[in-house]
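J.: Here it is, the structure in full.
None of the figures in this text is laboratory data; all of them are computed from the coordinates on show. Everything numeric in this text was worked out from a predicted model, so none of it was measured. Backbone-built Cβ (ideal geometry, glycine too); neighbour counts: all protein chains shown.
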């Protein structure tokens, strides 16, 4: 059942994402995490364009297009071909990460609903045991079967969450490489 608790936590964390369903737009706000990556920043994805704005420096917004173009506060930044390649990769990987996290949250929500159904079954089963010949052992066996199915799904979900964590770590490494190749990003202490 510890996996079920993990699933509920993942589900509620995923509710912090705001998404416009038709346009596939996302907006996230990150507070101080201690690791520096996207710390105290807003990440917004509009279609295939990524926007990053720091909470303390809202005068500067980073815009990274799918084609690898970089804009700082609306002004296009000239980059090397390697820099543009890294920007394309960053744009693609951050969008993939967000979509993976969204799917994980959706799947966690489905498991959470199944858990709620088990809880309702437990309550109705207790009432049934009070007024019929159904035993608590029978009820317990039925609930254990249902819980085992949910736990199996939760384990699969945990594997997906581990994959997303690896994606985030790779993205952080890519962000560091971007700073090495693009001086304007290096100058932004918060990126």
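J.: Fewest Cβ neighbours within 10 Å first, please rank 191, 131, 51, 90 accordingly.
T.: Result, fewest neighbours first: 131, 51, 90, 191.
J.: What number do you get for segment 26-155 when its Cα radius of gyration is normalised by 2.2 N^0.38 Å, N = residues?
T.: That works out to 1.74 for segment 26-155.
J.: At a 10 Å Cβ-Cβ cut-off, how would you order 54, 181, fewest neighbours first?
T.: Placing the least packed residue first, the sequence is 181, 54.
J.: Can you give me the distance in nm between label points at residue 141 and residue 155, each placed 7 Å from the Cα along the Cα-to-Cβ direction?
T.: Going by the 7 Å Cα→Cβ label model, 2.3 nm.
J.: Also, quick follow-up: Figure the gain on full extension for residue 132 and residue 25 (residue separation times 0.36 nm, minus the Cα-Cα span) and round it to one decimal in nm.
T.: Taking residue 132 through residue 25 to full extension adds about 33.3 nm, to one decimal.
J.: If the chain between residue 181 and residue 122 were fully stretched, how many nm would it gain, using 0.36 nm times the residue separation less the Cα-Cα distance?
T.: Using 0.36 nm per residue and subtracting the Cα-Cα distance, I get 15.4 nm.
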